[in-house]
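Q: A single structure is presented below for examination.
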Amino acid sequence: SNDDLLVGLPSSGFHSNGYSLIRKVIQDENLNFESPNPINNKTTVKDELLIPTKIYQKLLDPLISKKIISGLSHITGGGITENLPRILPNQLSFEINLNQWELPKLMSWIIKKSEMTEQEALKTFNCGIGMICVVSKNNIKKFSNYFQDVGEVFYIIGEVKENKSNLYQGRLI
């Protein structure tokens with residue numbers, strides 16, 4: 001309903017999306033997978049790109065069984081732009097504040113080097129959000145308490161709206 005908040009869970013990295021673009025940028029910058037990570041030279045490009053995809057199921061199961069979460073959108077290929085609308089009924093849309101979390105540094109670097117727009121980035125990469133949970137305002141305290149108890153991070157990134165059009169506020173890049 002339009003009383004629901006959108007809660008973003010951080011991704012662990014690229015989650016296997018956008019790799020043809022990533023390869024092109026790495027080549028254009030005369031780097032290879034063994035090169036030092038341009039963001040943190042204590043690691044290699046490969047170290048950063050091979051971080052496993054975070055699996056959210058075990059973390060979210062208790063919240064799902066207690067019906068604290070009313071919807072889930074896994075942010076895979078197509079990014080937030082294409083995945084979130086799939087779980088919302090036609091009469092609802094979303095509003096997201098892009099200033100509520102930070103773009104992962106290597107992702108930001110790849111996006112800048114590829115000269116893609118913010119819209120393209122939101123459609124290509126998860127942009128640091130691996131899963132979006134739809135949580136009613138009534139349940140946000142329970143959600144928050146659980147996440148604090150298990151020591152996991154989340155961001156309230158937006159809300160569900162009566163259908164106008166999907167809106168992004170603020171700047172990601």
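The values are calculated or read from the model by the stated rules, or taken from the named source; none is laboratory data. The model shown is predicted, which means the values in this text are computed figures rather than measured ones. In this analysis, Cβ positions are derived from the backbone assuming ideal geometry, glycine residues included, and neighbour counts consider all displayed protein chains. Keep in mind that these areas ignore ligands, DNA and RNA; they rest on the heavy atoms of the full protein, side chains included. Shrake-Rupley method; radii C 1.70, N 1.55, O 1.52, S 1.80 Å.
Q: Keeping the other protein chains in place, figure out the carbon and sulfur percent of the accessible area of the chain, with a 1.4 Å probe. Show your work: numbers first, answer last.
A: Working: 4520 of 9360 Å².
After summing per-atom areas, the C and S share lands at 48 percent.
Q: Same structure, new question: Could you order peptides 47-55, 163-171, 9-17, 81-89 by the average number of other Cβ atoms within 10 Å of their residues, highest first? Working shown, then result.
A: Numbers: 47-55: 14.1, 163-171: 11.8, 9-17: 18.6, 81-89: 15.8.
For the peptides 47-55, 163-171, 9-17, 81-89, the packing ranking is 9-17, 81-89, 47-55, 163-171.
Q: Pulled fully out, how much extra length does the chain show between Thr76 and Asn30, if you take 0.36 nm times their separation in residues and subtract their Cα-Cα distance?
A: Full extension from Thr76 to Asn30 adds 13.8 nm.
Q: Given the Cα-Cα distance of Asn90 and Leu59 and 0.36 nm per residue of separation, how much length would full extension add, in nm?
A: Gain on extension, Asn90 to Leu59, equals 8.3 nm.
Q: Solvent-accessible area per residue for the range 50-126 at a 1.4 Å probe radius, Å²? Please report the intermediate quantities before stating the final value.
A: Values: 4170 Å² over 77 residues.
Heavy-atom SASA per residue in the range 50-126 reads 54 Å².
Q: Place a +1 charge on the Cβ of each Lys and Arg in the range 1-141 and a -1 charge on the Cβ of each Asp and Glu, then give the dipole magnitude about the Cα centre in debye, rounded to the nearest 20. It would help to have the intermediate numbers written out before the result.
A: Numbers: 15 positive and 14 negative charges, 87 e Å.
The calculated dipole for the range 1-141 is roughly 420 debye.
Q: How high is the relative contact order of the chain? Use alpha-carbon pairs under 8 Å, at least six apart in sequence, and give a whole percent.
A: Values: 294 pairs, mean separation 74.6, N = 173.
Across the chain, relative contact order equals 43 percent.
Q: Right, here's the next one. Just want the answer: with Cβ charges of +1 for Lys and Arg and -1 for Asp and Glu, which residue in Leu21, Leu59, Phe33 is farthest toward the dipole's positive end in the range 21-173?
A: About the Cα centre, the residue reaching furthest to the positive side is Leu59.
Q: Select one label from (1) 10, 37, 32, 16, 5, 0; (2) 10, 40, 36, 13, 1, 0; (3) 9, 26, 26, 18, 14, 7, 1: the one whose number is P(r) over Cα pairs in 10 Å bins from 0, in percent as derived from the coordinates shown.
A: Comparing each candidate, only (1) matches the computed number.
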